[in-house]
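Here is the structure we will look at, set down as structure tokens.
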Amino acid sequence: MNADVYLFGQILGTHSFLLRDGFLRPDEYSEIDAQHFLPGGETGTAATVLSSLGVSVRMAGTHIGTQVAPMLRTFYQDKPVDLSALHFPQDDPGVMDYVVIAGLARSPMGRFQTLFESGRRWWNIPREEDIAHCRAAAVDPFFGEESELAAQLCIRHHVPYVTIDSPHNSFLHRHAAVNIVSGECLSAHYPGMDKEAVLARLQETADGLTIITSGGGEMLYARRGEVIRRMKPFPVTVRSTLGAGDTFKAGCVYALLHGMDDDALVRFASACSGIAISRFPLPLHPPTLDEVTALIDA
């Protein structure tokens, strides 16, 4: 099928544990209120959210091993998400993470450092035919040359793309329609710099929109040569922050696909994220377009 959106990045099996009475404390018992094994990762979560918003998706990225594949196929079988670009090896259990959650606090665990240090490629090589007929894309930066190749193919076929956490001197940032920069990226690439100074540096090297998010804090956004604008997140009751940033990215892709201006794009993505953090688990209760519209109108 021809999909509206192409997504390239991390697609995981996420084991999530929602705790009842606050976050883990050393040497103390914690009650698990709910636990699930569902699609996760920046790209997996974005695919779930976009499909809930009525967008068809083709996703590629992480190899899907034997423990993850049955869950993934079952979950997406009734959704407009095309898995045909994925690779399903039969000699690997697949990439999984484990996330402990209690309100605003969460702690992910996994073996990603070990995987990256292994020297082997555990993700797809992007295919031109998967991108050529899409109308928008999201390309995550984690897979090096393959991430850059996905961006190059988007440029070749005039497919605007959203990326995340790409520094000012990166290919992905320079050519992105939208780059969403988190606090984690600021700490890694711009230690000691305030957000306004970082955004000014990012503005200088790209024509696209750069957004600096800050969890529950104020968002900053601007293009080259523009005055920095600010927006506060929507006030919601937080149940779980798992998937908040990935949902924000999905909201940006949706807004890009539908030609929203910058203010409307940030507002729409923020509303998507606000709904996401008000429920658990997100994959079983992703935001719908009616819900997002209602939150914005309210």
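We did not get these values from a lab; they are worked out from the coordinates using the rules stated. Given the structure is predicted, the values throughout are model-derived calculations rather than measurements. Virtual Cβ from ideal backbone geometry, glycine too; neighbours counted across all protein chains shown.
When the chymotrypsin sites (Phe, Trp or Tyr not before Pro) in the stretch 1-53 are filtered for DSSP coil states and for at most 12 other beta-carbon atoms within 10 Å of their beta-carbon, the remaining sites are TYR29. For the stretch 147-273, the spread of Cα coordinates along the three principal axes comes to 43, 35, 26 Å, biggest extent given first. In this calculation the C-beta distance from HIS157 to ARG121 is compared with R0 = 35 Å, giving a FRET efficiency of 0.90.
If you find the alpha carbon centre of the stretch 94-131 and of the stretch 197-255, how far apart are they in angstrom? Going from one Cα centre to the other spans 23 Å. Residue separation of MET231 and MET109 scaled by 0.36 nm, minus their Cα-Cα distance, works out to 40.8 nm of gained length.
Does the stretch 204-266 come out rounded, prolate or oblate by the C-alpha gyration tensor, with a ≥ b ≥ c the root eigenvalues, rounded set by a/c under 1.5 and, if not, prolate when a/b is larger than b/c and oblate if not? It comes out prolate by the Cα gyration axes. Here the stretch 122-209 has an Rg and Dmax of 13.4, 43 Å, counting Cα atoms alone. Among DSSP bridges having both ends in the stretch 140-246, what percentage is antiparallel? Round to the nearest 5. Within the stretch 140-246, antiparallel bridges account for around 45 percent of the total. Taking packing as the residue-averaged number of other Cβ atoms within 10 angstrom, the listed peptides 211-224, 163-176 run from highest to lowest as 163-176, 211-224.
Given the stretch 1-54, report the % of alpha carbon pairs whose separation exceeds 12 Å. In whole percent, the long-distance tail amounts to 72. Put simply, the Cα atoms of the chain extend 52, 42, 40 Å along their principal axes, the longest span coming first.
The helix-only estimate of mean residue ellipticity at 222 nm for the chain, built from DSSP H runs of length n ≥ 4 each weighted as -39500 (n - 2.57), is -10000 deg cm²/dmol after division by the residue total. Both radii were evaluated on the Cα set of the stretch 49-142; the Rg over Rh quotient, with Rh as the Kirkwood radius, amounts to 0.98.
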